[in-house]
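Below you'll find the structure, written out as C-alpha cells, and then a few comments.
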Amino acid sequence: GGFDFYGLSSKMVKCAALALVYPLTHLINECIHTSFFPSALKIAEVVPLHKKGDFDDMSHYRPINKLPVFSKIFEKAINRQIKHHFEDNDLFAAEQFGFRSGKSTEQAILSFSKFVSNGFEENKYVAASMVDVSKCFDCVPHDILLAKLPKYSFSENAVNLVRSYLENRMQLVRIGDKVSQVTMLERLSVVQGSVLGPTLFLIFSNDLPQCSPNRTIMFADDSTLLTVDNNLLDLKRKTDESVASICEWFHSNRLAVNDSKTEQMFFGLRDLSGLETNPDKIRTL
C-alpha cells in the first residue's frame, strides 16, 4: 500500500490502466527483447517497521522494502514466463512446496507426517532435522544464481535480463519525513518484497535436495531432512551425514547455517533412551 519512491500508487496505475496498457506492453516487450531492466525501477524505499521492545534497538525493527509500482508490473510479466517454463517442463524440485501454485504448507506437513507414519509401520526410528539459514533471501550471491540459470535452459538473453534486474540496485531509507541518500547495494539478495525474488530463490535452491541421499522437504527457505532406520546408531549416523551434506551445500553457495535455530526431532514406537545427541551443535527437541 501507499506511494512508491516516485509518488505513485497501485491504485493510481489501475485507474489509468486503459491509457497505460499499450505503451507499457511495448516497453516490457522491448526490455525483454534487449535484456534490459530499467535502472529507474531498481530503487527501493526501505521503511523500518518496529516489531517490539526497545525503540533504540535496531534489531527490533523489520525493514519493509517498497519497490516502484511499475517495477512490479514488469516483474510480473517476466515472472510469469519463468514460472511457466519451470512448471511446464517439470523443472522445480518435487521436494519444494513453497511459492508454487498447487503447493501449500498443508501438503508439506502431510508429506512429513506420511514419512514418519511409514517409518512407524515398518517399526523403524525416524529423525527430522530442521535447518535454518541466516537471512537467506538477503544473502543469495548473484554470480552463483546466474551461473545456475543455463542449467535450466535459460538462453543468453534470458540470463542477461535476470542479470540486469539484479545488478546495480539502489535503496534509500525513509523514517517519517526524513529520507536518506540513495546508496548502491552489494551483489547479493533476490530483492525482498519483489515479485521475481521468490521465483529466483526457488531456482537458486532447486539443486539442494540432490546433495543428500535422504528425504528432503522444503518450504521456501526452510529445509527439513528426514532419515529412517531400524537401528538408533545407524539413524544418528545417517542424520549427521545428511546434515553435514546440506551444510556443505549452503557453504558452497555462500550461505550461513544458523546453528542456534537448527533443530532435530527423533520419533519411534520403541525406546529412544539409547540415543546420544550433541546439544552443543544442534538442539534436540
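The values are calculated or read from the model by the stated rules, or taken from the named source; none is laboratory data. Everything numeric in this text was worked out from a predicted model, so none of it was measured. Note: ideal-geometry Cβ built from the backbone for every residue, glycine included; neighbour counts use all protein chains shown.
Only residues that are exposed (fewer than 15 other Cβ atoms within 10 Å of the Cβ) and among the aliphatic types (A, V, I, L, M): list them for the range 174-187, please.
Within the range 174-187, I175, V179, V182, M184 qualify.
Mind checking whether some residue in the range 79-91 is in contact (Cβ under 8 Å) with a residue 12 or more places away in the chain, farther than 30 Å from V13 by Cα and in contact with a strand residue (DSSP E or B) (Cβ under 9 Å, 6 or more places away or on another chain)?
no
Just for the range 1-55: of the residues that are of a type in the set (D, E, K, R) and outside any helix (DSSP H, G or I), which one is modelled with the highest pLDDT?
Across the range 1-55, the extreme among qualifying residues is K42.
For the range 174-199, give me the residue count where each residue is more than 19 Å from the chain's Cα centre (by Cα), charged (D, E, K, R) and part of a loop (DSSP other than H, G, I, E, B).
Result for the range 174-199: 1.
For the range 245-268, state whether one or more residues are in contact (Cβ under 8 Å) with a residue 60 or more places away in the chain, more than 18 Å from the chain's Cα centre (by Cα) and in a loop (DSSP other than H, G, I, E, B).
yes
In the set F5, F36, which member is at negative phi and crowded, with 17+ Cβ neighbours inside 10 Å?
F5
If you go through the range 16-62 one residue at a time, how many are more than 19 Å from D138 (Cα to Cα) and among the β-branched types (V, I, T)?
5
If we keep just the residues of the range 141-173 that are of a type in the set (A, V, I, L, M, F, W, C), exposed (fewer than 15 other Cβ atoms within 10 Å of the Cβ) and farther than 30 Å from F3 by Cα, which is nearest to the chain's Cα centre (by Cα)?
I144
Only one residue in V47, V131, V116 is hydrophobic (A, V, I, L, M, F, W, C), farther than 19 Å from S189 by Cα, surrounded by 13 or more Cβ atoms within 10 Å (Cβ to Cβ) and over 17 Å from the mean Cα position of the chain (by Cα). Which one?
Matching residue, one of V47, V131, V116: V116.
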